[in-house]
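The values are calculated or read from the model by the stated rules, or taken from the named source; none is laboratory data. For clarity, every value in this text was computed on a predicted model and none was experimentally measured. Here the Cβ positions follow ideal geometry from the backbone for every residue, glycine too, while neighbour counts run over all protein chains shown. Please note that ligands, DNA and RNA were not included when accessible areas were found on the heavy atoms of the full protein model with its side chains. Shrake-Rupley method; radii C 1.70, N 1.55, O 1.52, S 1.80 Å.
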Amino acid sequence: MRNNPWNTTRLPLTLLALGLFAGHLEAVEVPEEYRARDTLRIKRDSSADANDCLQGFRWQRTRFPVQITRSSDNRYRWLVNFPSPLPSGDATNDLVAVEWHAVVDDQGNIIRAPAVVVVHESGSSMDVGRLFARSMQAGGIHGFLVQLPYYGNRRSDGQPESGDKLVRTLQQGSADVRRARDAVAAIPAVDDRYIAVQGTSLGGFVVACSASLDNGFDDCFIMLAGGQLYEMISSGQKDTASARKQLAEAGYEGEKLRLLLSAVEPTRIAHRLDATRTWLYTATQDTVVPLSSANALARSAGLS
């Protein structure tokens, strides 16, 4: 476990948002372009099933380019871009876009501070994800919102909804989030001694998979998500009902659907999470992600 000067290991997300760990007021220059390095290390699991699942998330470690530009969107000041480690073949989608909600001093200069990589919900406006990223920013912590495949700046004519494309999109998103940790760690304004990850709903499922790869994040906060994807999509309402319809139209129902979703089933690898650094928040009357789904993930991860 890395040395954690912010002493956040056993503290809940609400305390992070209060800004108890704000960085020193030290203005830092922002590079326009730099190279980062993958630190992903997926250790072999004792479970053959877990190893089989992990194969879909692997990529060859390398150095990769990162660009930081001024954002044309007034909702955030900086945009971070880097190549997806699991490309889809769609050039627009394969350039990962990360909104940087940066911590600044009274003069508007970016200061050195810890960071949280945020993963948004399924809504195209990403309002909840931005709410969390801005809350981190307001609390003295850099908020980096990863736009998932086919969202925001990554939107193109590609159609990720059909069949195995949906699964590959979730695998790509999980890999993008893990690489985002290394991309932001190389920014001089980020105190890389503490980089956490937080995801809500769809983002929570992505985070559960991403953080299970190698525990690369210092803390993991999963909101309104869980496991048992097949059971959830088969009986869920709202977003899951829409996904069920699209998958059925693509010919995925019953056992064929179960096999498809098993490739991104969080409970197959969630035992790899560090339970002392993982928090799962759920809602007792959630009609999209039922409590049984959250409980399944909690059991797999060994959460108290």
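Say the dipole of segment 187-266 comes from +1 at the beta carbon of Lys and Arg and -1 at that of Asp and Glu; which of L224, L259, T200 then lies farthest toward its positive end?
The listed residue farthest towards the positive side: L259.
Take the solvent-accessible surface of the protein heavy atoms, probe 1.4 Å, and return the percent of it on segment 136-230 that carbon and sulfur atoms account for.
49 percent
I'd like the FRET efficiency for T69 and Q246, computed as 1/(1 + (r/R0)^6) with the beta carbon distance as r and R0 of 30 Å, rounded to 0.05.
According to the calculation, E is roughly 0.30.
Using a cut-off of 17 Å between alpha-carbon atoms, which aspartates and glutamates can reach K43, once sequence neighbours fewer than 8 places away in the same chain are excluded?
D52, D214, D274
Give, in nm to one decimal, the length gained when the segment between Q237 and D49 is fully stretched (0.36 nm per residue of separation minus the Cα-Cα distance).
Gain on extension, Q237 to D49, equals 64.7 nm.
Over the chain, with a Gaussian network built from C-alpha contacts below 10 Å, which listed residue (A294, A175, A275) shows the highest mean-square fluctuation?
Largest GNM mean-square fluctuation: A275.
First measure r as the distance between the Cβ atoms of T92 and L131, then evaluate 1/(1 + (r/R0)^6) with R0 = 22 Å and state the FRET efficiency to the nearest 0.05.
Rounded to the nearest 0.05, the efficiency is 0.25.
In debye to the nearest 20, how big a dipole does segment 228-304 give about its Cα centre with +1 on each Lys and Arg Cβ and -1 on each Asp and Glu Cβ?
140 debye
For D218, D192, give me the order by solvent-accessible area with a 1.4 Å probe, most accessible first, ignoring ligands, DNA and RNA.
Largest accessible area first, the residues go D192, D218.
In whole angstrom, how long is each semi-axis of the equivalent ellipsoid of the chain, when you take the square root of 5 times every eigenvalue of its Cα gyration tensor and sort them from largest down?
Equivalent ellipsoid of the chain: 30, 21, 18 Å, largest first.
Treating only the Cβ atoms of Lys and Arg (+1) and Asp and Glu (-1) as charged, compute the dipole magnitude of segment 106-176 about its Cα centre; round to the nearest 20 debye.
Dipole magnitude for segment 106-176 comes out near 140 debye.
Rolling a 1.4 Å sphere over the protein heavy atoms, what is the accessible area per residue of the chain, to the nearest Å²?
44 Å²
Along Cα→Cβ, 7 Å out, is where each label goes; now give me the distance between the ones at H271 and N215 in nm to one decimal.
Those two pseudo-labels are separated by 1.5 nm.
Which of the aspartates and glutamates could be linked to K245 by a straight reach, that is with a Cα gap under 14 Å, when you skip same-chain ones fewer than 8 residues away?
E161, E253
R41 to D106: extension gain in nm, 0.36 nm per residue of separation minus the Cα-Cα distance?
Gain in length upon complete extension: 19.4 nm.
Express in nm, to one decimal, how much length is gained between D157 and R299 on full extension, taking 0.36 nm for each residue of separation and deducting their alpha carbon distance.
Full-extension gain reported as 47.2 nm.
Working only with C-alpha atoms, what are the Rg and Dmax values of segment 194-304, expressed in angstrom?
Using the Cα atoms of segment 194-304, the pair Rg, Dmax is 13.8, 44 Å.
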